[in-house]
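The values are calculated or read from the model by the stated rules, or taken from the named source; none is laboratory data. Since we're looking at a predicted model, the values are computed, not measured. All Cβ positions, glycine included, derive from the backbone under ideal geometry; neighbour counts span all protein chains shown. Ligands, DNA and RNA are stripped out before the accessible areas are found, and what is left, the full protein with its side chains, is counted by its heavy atoms. Shrake-Rupley method; radii C 1.70, N 1.55, O 1.52, S 1.80 Å.
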Amino acid sequence: MADGPPPAVPDGPLMTLARARDALGLDYDEFDLAVQIGEVPTVACGSRSWKVGSDEVDRLVAEDSHPLPLLDRIRLVGSAEAAKELGVGRERFVRLARAGHIRPVRWYVNRYHALVWMYLARDLTVLAEHCPALLRGPLPEGLRAAVADGEDERARGWRSRRVAQLVRDAYDAWDEAAVWSALLGPELVDSALPDPYERAHLRKLRAALPPGRPGLATPEQIKAISTADHPDEIALALVALADALGRARELRPAPGRAVGAAAELAAEPVSWDMPLSATAPLLPRPLPLSDELAAEVGEGAGGAESGGAVDGAAGPARPDGSGDDGRPGLRGLLRLLGRRNRSAGAGAAGTAGGGVRGGPHSSPTSVTRSTARLSSSEAARSTSAEMPQP
């Protein structure tokens, strides 16, 4: 998800994004990518308003042969070029990408209506250094079987990077909550979040994840790629949304809601008669999670068997919110969104992964909190951390 360390608050004056782009000599697309992956740190000055410290611009301009070093760090490659640079066949590289060993940073639909994934060239170096066994000899049997069965982590990997970047650059807790709301999609949020004022405010802040440069992608393709669809991904996003909303409510109520209304909402009886709409992500049972995640969420029951594999064919969750194996069900996660036992406070700062699982580009987000529950930034890290690794 997020690339690069969280930006420190600059001591010097701030520049608008347009001025910083001109000073760096980058075109719009290059500058947008440099900001996204953290090469050009920004400072949030309001909701969806950012500036760049002049000292950061001076630092980048002072590099030898500027802007070549910066352009090299943000260089993108397609699968064919990536395979060539790694010295492997294109089919092998695509298998590694589908298995989640390298994550795309951009995507678009070309004139032939084919979906094209783009990767940071610097991530190829990390992959070659940390996972040389994946580039030579037979691929692991489990990886080959998973890809043959249709596993494809590329969209999820792109979402993980995009979400962590947006959480890193969020102005406040409401902006942060809006990122997780956008990842979940309107159907699931409408079912999970009881307050219409909060739903409307989150949607106004960020209705969907920004797709970047989607090319000729249809609205349906954009929605499918930018909306969470993996059970663990949905579960983590629900927990992160609950954490961010808890802090946002303490900061200020949503527009249109009275200051004291949050307490009234917390006291309302819980109604679980809220079926997902026909277009909502299919959630037969988004859990069991891994034991580690279940422990972090704080809803799991002891004595559950280890393994952590998600069984999409499992039966429905029990009325108390737990599954057949005693682990939390969807209701246990929805409860975190304010229907019962709202938790105040926040969690320890997490780290958000880069393009390669476990690579050196992983870095902490800028959000620091203290709570026993999984914080929003920790969820961003966990979304990255649970991707397959060699």
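Assuming R0 = 25 Å, can you tell me the calculated FRET efficiency for the pair Leu135 and Asp58, based on Cβ-Cβ distance, to the nearest 0.05?
That gives a FRET efficiency of 0.05.
Reducing region 98-139 and region 153-174 to their Cα centroids gives an inter-centroid distance of 19 Å. The string of couplings for region 179-187 from the Karplus curve (6.51, -1.76, 1.60, θ = phi - 60°) is 5, 5, 4, 5, 5, 6, x, x, 5 Hz, one whole number per residue in order, with x for Gly and Pro.
Would you mind estimating how fast region 101-222 diffuses translationally, via Stokes-Einstein at 4 °C and 1.567 mPa s with the Kirkwood radius over Cα pairs, in µm²/s?
On the way: Rh = 16.9 Å.
My calculation gives 77 µm²/s for D.
Taking a cut-off of 13 Å, what percent of all Cα-Cα pairs in region 180-227 are separated by more than that? Here the tail beyond 13 Å accounts for 56 percent of pairs.
Using only the Cα atoms of region 67-163, build the gyration tensor, take square roots of its eigenvalues as a ≥ b ≥ c, and label the shape rounded, prolate or oblate: rounded if a/c is under 1.5, else prolate if a/b is larger than b/c, else oblate. Judged from the Cα gyration tensor, region 67-163 comes out oblate (a/c at least 1.5, b/c at or above a/b). With all projection directions averaged, the alpha carbon convex hull of region 1-116 covers 9.3 nm². Using C-alpha pairs below 8 Å separated by at least 6 residues, the relative contact order for region 18-99 is 21 percent. In this structure, the amide hydrogen of Gly53, modeled 1.01 Å from its nitrogen in the peptide plane, lies closer than 5 angstrom to those of Met15, Val43, counting only residues at least 5 positions away or on a different chain. Here the 3J(HN,Hα) profile of region 43-48, calculated from phi with Karplus coefficients 6.51, -1.76 and 1.60 at θ = phi - 60°, is 10, 6, 10, x, 5, 6 Hz, Gly and Pro shown as x. Max-minus-min Cα coordinates of region 12-60 on each principal axis give 24, 21, 16 Å, with the largest extent listed first.
Would you calculate the separation in nanometres between label points at Tyr28 and Leu115, each defined as 7 Å from the Cα along the Cα-to-beta-carbon direction? Each label point is offset 7 Å from its Cα along the Cβ direction, giving 2.6 nm. Ranking Asp64, Asp172, Asp27 by solvent-accessible area of protein heavy atoms (1.4 Å probe, all protein chains present), from largest to smallest, gives Asp64, Asp27, Asp172.
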